[in-house]
Amino acid sequence: MPKLSTLLSACVVGLYVIVCLAVCFPAPVKAAVDGYLDGVPVQMPGEPDGDFAMRAVAFSRIEDLKTRYVTPLPQAPLPYDLNPATDPPARSSAVVVDVTSFQPCPGIISYRLTATGAAADGSGVSQQFDALVWDMESERCVDISDVLRDTPTALQQVSRLARMRLIAAAGAAGPEELAAIGQATEPHLGNFQLFALDGDAIVFYFPPENLGVWAAETFAVRIPYLEIVEALDISVGYVTSPLTGGLECAYIRVPGAVPGGVVDDGRPTIALTFDDGPHTEYTRRVLEELSKRRVVATFCPIGIHVRRCPEVLREIVLQGSEIGNHTWSHQILTRLTPDLIAADVEQLQQRVEALTGRRPTFLRPPGGSYNNTVIAAARLPVVCWSVDPKDWQGVDAATVAAHIIEHARDGDIILQHDTHATSYEALNLVLDELIARGFRFVTVSQLLGFGGPDSPQSGVWRSRG
């Protein structure tokens, strides 16, 4: 048998030969031109990421983009030394198709597609642009109509903000520029089809072909989600990043095939509710725990806390959770006159609608106290609860969690308060244990079927049973 030293020497020599061959004959580099389209050389340095379905859609859009770019290009003059019979003229210098993708969270990927090149007639650089958003969960492209609510004011709000930002980004001042921007941002869905979903904002793109000859580039207009909560139909959850300590996007949920509802898949279903908030710290901690598990709850705020931290209500709605009406003054309603009951309920209704664009669909009476007068005056369904862990009495988090876990049944409505640390601390235990047992979590309106055209205008509920 050969000695070990001989084998090692042979390996070293072999590696040396491989390295020399690699230096003398390097791996082929990707060609500068990837193909031709109607006589136009096309380069594409990068390719779309993602699975087969996603890449197929992206490549289809890329082919359309190349065609849109090349078709209107004029032919270059024929040089004197070329024979028109054997050497057809080129129509442009090389067109570069840039593919940029970014993923703000698991499940959503956005593409920016840009075709750029110099026309052969010397008229300068021109550009064609496209964008698409892919939802991996439903395996489909996301349309702007999926993102925005179908309300009279949603598109108008987006249009107004986009116009102001586009004017600032473009430095537009002349009447022709302002008129072009005004037309490009009119409140029509077609004007906002080029967009991307980022972790904290929606980005609208306005390419030169939409803005007129004065625009030489595609302008990106960024509108934070929290600024247009009233207009959004998507929900976005955030969690604390273990790396930076700041918030990062955990999910962007695009509405499914059952607007305003959930598909009954046979699992036991409950609704968590949190009264008396919002609280600047505890409500946000509750939202983060919900977002970690991509579940929702229902929050029933009162006027004094809404006045102190109105922005938290917008965060609740953006996360995908619901807001109920716990009255403005938090008085026992059975002690009030019908007019005072109606005024107290309506004051909170109007404030929640002004902040979030949504009116609560039910009343959570303070203390769970109601009678026929309250039911008639409120003009809303009355929703109490079926499980009460008494978290407001100062019991510890373990006791609160144990009570909920022991008593939770299909169709239950669980009462908690997001003004107590114990409620937030108990939530981790409750969510993990009940999820392990197969429970799913929905809002009160989803559980009881509120919010649709057939939603009840009165009545009393403690659970779905």
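Descriptive notes on the structure:
- Number of positions in region 448-465 that are more than 25 Å from the chain's Cα centre (by Cα) and surrounded by 22 or more Cβ atoms within 10 Å (Cβ to Cβ): 1
- Residues in region 374-407 that are among the β-branched types (Val, Ile, Thr) and within 27 Å of Leu348 (Cβ to Cβ) were compared, and the one that is most open to solvent (accessible area, probe 1.4 Å) is Ile375.
- A single member of Gln43, Gln103 is at pLDDT below 85 and touching an Asp or Glu at 6+ places or on another chain (Cβ under 9 Å), and it is Gln43.
- Tally, over region 180-190, of residues that are part of a loop (DSSP other than H, G, I, E, B) and among the hydrophobic types (A, V, I, L, M, F, W, C): 0
- Some residue of region 160-176 being under 19 Å from Arg112 (Cβ atoms) and either in a loop (DSSP other than H, G, I, E, B) or of a type in the set (Phe, Trp, Tyr) (or both): no
- Being farther than 21 Å from Ser291 by Cβ, open to solvent by 60 Å² or more (accessible area, probe 1.4 Å) and free of Cβ contacts under 8 Å to residues at least 40 places away in the same chain is a description that does not apply to Asp410.
- For region 423-439, the count of residues that are more than 22 Å from Asp396 (Cβ to Cβ) and of a type in the set (Phe, Trp, Tyr) is nonzero.
- Annotation: Thr337 fulfils all but one of (1) open to solvent by 10 Å² or more (accessible area, probe 1.4 Å); (2) of a type in the set (S, T, N, Q); (3) closer than 20 Å to Ile414 by Cβ; the unmet one is (3).
- The residue that is least open to solvent (accessible area, probe 1.4 Å), among those in region 275-293 that are of a type in the set (Asp, Glu) and closer than 17 Å to Asn428 by Cβ, is Glu289.
- Selected residue (criterion: surrounded by the fewest Cβ atoms within 10 Å (Cβ to Cβ)) from residues of region 418-447 that are touching a Lys or Arg at 6+ places or on another chain (Cβ under 6 Å) and farther than 21 Å from Val312 by Cβ: Gly438
- Test for Gln347: is it assigned to a loop (DSSP other than H, G, I, E, B) and either touching a helix residue (DSSP H, G or I) at 6+ places or on another chain (Cβ under 8 Å) or crowded, with 19+ Cβ neighbours inside 10 Å (or both): no
- Any hit, region 277-293, residues being modelled with pLDDT of 95 or more, touching a helix residue (DSSP H, G or I) at 6+ places or on another chain (Cβ under 8 Å) and assigned to a strand (DSSP E or B): no
- Where a residue in region 328-351 is under 13 Å from Arg307 (Cα atoms) and its partner, wherever it lies, is assigned to a loop (DSSP other than H, G, I, E, B) and open to solvent by 70 Å² or more (accessible area, probe 1.4 Å), with Cβ under 9 Å and at least six apart: Gln350/Arg359
- Failed condition for Ser159, given (1) among the hydroxyl-bearing types (Ser, Thr, Tyr); (2) within 29 Å of Tyr69 (Cβ to Cβ); (3) at pLDDT below 95: (3)
- Checked against the criterion of being open to solvent by 50 Å² or more (accessible area, probe 1.4 Å) and in contact with a Lys or Arg (Cβ under 8 Å, 6 or more places away or on another chain), the candidates Arg149, Arg165, Arg112, Arg140 yield just one match: Arg165.
- Residue match in region 165-175 (condition: more than 16 Å from Phe206 (Cα to Cα) and hydrophobic (A, V, I, L, M, F, W, C)): yes
- Options Gly368, Gly324; residue that is of a type in the set (Gly, Ala, Ser), at pLDDT 95 or above and surrounded by 20 or more Cβ atoms within 10 Å (Cβ to Cβ): Gly324
- Residues satisfying the stated conditions in region 350-365, i.e. surrounded by 17 or more Cβ atoms within 10 Å (Cβ to Cβ) and in a helix (DSSP H, G or I): Arg351, Val352, Leu355, Thr356
The values are calculated or read from the model by the stated rules, or taken from the named source; none is laboratory data. Quick caveat, the model's predicted, so the values are computed rather than measured. A quick note on method: Cβ atoms are made from the backbone with ideal geometry, for glycine too, and the neighbour counts reach across all protein chains shown. With ligands, DNA and RNA removed, areas are computed over all heavy atoms of the protein, side chains included. Shrake-Rupley method; radii C 1.70, N 1.55, O 1.52, S 1.80 Å.
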